[in-house]
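The values are calculated or read from the model by the stated rules, or taken from the named source; none is laboratory data. Predicted, not measured: the structure shown is a model, and the values here were computed from it. We place every Cβ from the backbone using ideal geometry, glycine too, and count neighbours over all the protein chains shown. For the accessible areas, the whole protein counts, side chains as well, though only heavy atoms, and no ligand, DNA or RNA atoms are used. Shrake-Rupley method; radii C 1.70, N 1.55, O 1.52, S 1.80 Å.
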Amino acid sequence: MAGVRELNWDGLVNGRDLGGLPARRGRSVRRAALARSGNVAWLRPKGWSALWGHGVRTVIDLTDPGEDGPDRAPRPPGLSTVRLPLDDSSDTEFWQRWGGPLSCTPLYYAEFLERYPERVAEVVRAVARAEPGGVLVHCGGGRDRTGLIVLVMLALVGVPAEEIAADHALSHEPLRLLAAAEGRDDDAPKIAELLAEHGRTAEDVLTSITETVDFPALLSAAGLSELDLQALRARLLDDRAGSRRSRGGPMQARRRSARRSVGFHACGCGCARGCDATRGRLAS
């Protein structure tokens, strides 16, 4: 399944279509509805053509202002780019606790969700309300910030915790290859060592968050409406067997609801291209 979902577009790093993952009530994530990756600014002309051909019509960029650098090639006309920096770099208290190498592990996810549910809700809302077509979410390396947002959205549509953790783990190999190509050390062993120092593994951290956080309640309190949640599920999930097809994403979900009446930095951490040197992110 992982090989089938890989997006090997020219210039793209750590790209995957999340289609095919199992979800609640026998359904699954729709192919080409949601993709994740590293920075799309690295795409070459053939890569952008492949992205468009895959059906992506909206790109959601979680990186910090100035982090991306210029695009290698022009983006396709008609492609929408929504820039929603996930991190609040001004929150020195948070990053003094969770910055540096810790920000390259899922150890910080739970406290980030508690501290910044509005930022997470804003990204989920943007996916739910995107124009018809596929949505690609990316950060720097496509693992940490993107991993948090993908965890939330997959949990909201009922993908099991073990599947979410397994998908997260798939980011290590493409980032290892990127590090080797750039003459850097692979950061995965460092991450595993850091997690072990806290008596954890990435799998058990991700599983615990997925199974214990009430994401609908958390995001509802942060401003995500029931209409947006329904729209997200309509966009991401395959249709039920024998049911009428749900096309176009959020607008149709709203109508149905209404009828029912709703490069390597000098920070010393070995970080990958696209990191925030002030936080020491290895691969965001």
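Any residue that is in a loop (DSSP other than H, G, I, E, B), under 20 Å from R25 (Cβ atoms) and modelled with pLDDT under 95 - is there at least one of those in the stretch 265-274?
No, the stretch 265-274 contains no residue that is in a loop (DSSP other than H, G, I, E, B), under 20 Å from R25 (Cβ atoms) and modelled with pLDDT under 95.
Of all residues in the stretch 85-109, count the ones that are assigned to a helix (DSSP H, G or I), open to solvent by 50 Å² or more (accessible area, probe 1.4 Å) and either under 24 Å from W42 (Cα atoms) or not basic (K, R) (or both).
4
Check R254 against each of (1) at pLDDT below 95; (2) open to solvent by less than 40 Å² (accessible area, probe 1.4 Å) and name the one condition it does not meet.
(2)
From (1) more than 22 Å from E163 (Cβ to Cβ); (2) surrounded by 15 or more Cβ atoms within 10 Å (Cβ to Cβ); (3) at pLDDT 95 or above; (4) in contact with an Asp or Glu (Cβ under 8 Å, 6 or more places away or on another chain), pick out the condition that doesn't hold for K46.
(2)
Just for the stretch 133-154: of the residues that are in contact with a helix residue (DSSP H, G or I) (Cβ under 8 Å, 6 or more places away or on another chain) and either open to solvent by 10 Å² or more (accessible area, probe 1.4 Å) or of a type in the set (D, E, K, R) (or both), which one is farthest from V13 (Cα to Cα)?
D144
Give just the number: which of (1) among the charged types (D, E, K, R); (2) open to solvent by less than 20 Å² (accessible area, probe 1.4 Å); (3) outside any loop (DSSP other than H, G, I, E, B); (4) over 20 Å from P174 (Cβ atoms) does R25 not satisfy?
It fails just one condition, (2).
Residue by residue through the stretch 28-41, note down the ones that are in a strand (DSSP E or B), surrounded by 22 or more Cβ atoms within 10 Å (Cβ to Cβ) and touching an Asp or Glu at 6+ places or on another chain (Cβ under 9 Å).
Selection gives V29, L34, A35, R36.
List the residue pairs whose Cβ atoms are under 9 Å apart, where the first residue sits in the stretch 56-84 and is in a loop (DSSP other than H, G, I, E, B), the second is at pLDDT below 95 and among the hydrophobic types (A, V, I, L, M, F, W, C), and the two are 6 or more positions apart or on different chains.
E67/C275
Give all pairs with beta carbons closer than 8 Å in which a residue from the stretch 131-143 that is on the phi > 0 side of the Ramachandran plot meets a residue that is part of a strand (DSSP E or B) and open to solvent by 10 Å² or more (accessible area, probe 1.4 Å); count only pairs at least 6 apart in sequence or on separate chains.
Short answer, once both residue conditions are applied: G133/R57.
Somewhere in the stretch 15-22, is a residue open to solvent by 20 Å² or more (accessible area, probe 1.4 Å) and of a type in the set (A, V, I, L, M)?
No; the residues of the stretch 15-22 include none that is open to solvent by 20 Å² or more (accessible area, probe 1.4 Å) and of a type in the set (A, V, I, L, M).
For S80, are the conditions met, namely being surrounded by 16 or more Cβ atoms within 10 Å (Cβ to Cβ) and hydroxyl-bearing (S, T, Y)?
Here the answer is no, as S80 does not meet what is asked.
Identify the residue in the stretch 1-13 that is open to solvent by less than 50 Å² (accessible area, probe 1.4 Å) and touching an Asp or Glu at 6+ places or on another chain (Cβ under 9 Å) and, among all such residues, is farthest from I60 (Cα to Cα).
So, considering only residues that are open to solvent by less than 50 Å² (accessible area, probe 1.4 Å) and touching an Asp or Glu at 6+ places or on another chain (Cβ under 9 Å), the one farthest from I60 (Cα to Cα) is A2.
Residue by residue, here is whether (1) buried (at least 17 other Cβ atoms within 10 Å of the Cβ); (2) in contact with a helix residue (DSSP H, G or I) (Cβ under 9 Å, 6 or more places away or on another chain); (3) not in a helix (DSSP H, G or I) holds:
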| position | (1), (2), (3) |
| --- | --- |
| E162 | no, yes, no |
| H168 | yes, yes, no |
| I191 | yes, yes, no |
| E203 | yes, yes, no |
| T210 | yes, yes, no |
| A217 | no, no, no |
| A231 | yes, yes, no |
| D239 | no, no, yes |
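Which numbered condition in (1) of a type in the set (V, I, T); (2) closer than 25 Å to L21 by Cα; (3) out of contact with any Lys or Arg (no Cβ under 8 Å at 6 or more places or on another chain) is the only one that T92 fails?
Status for T92: all satisfied but (2).
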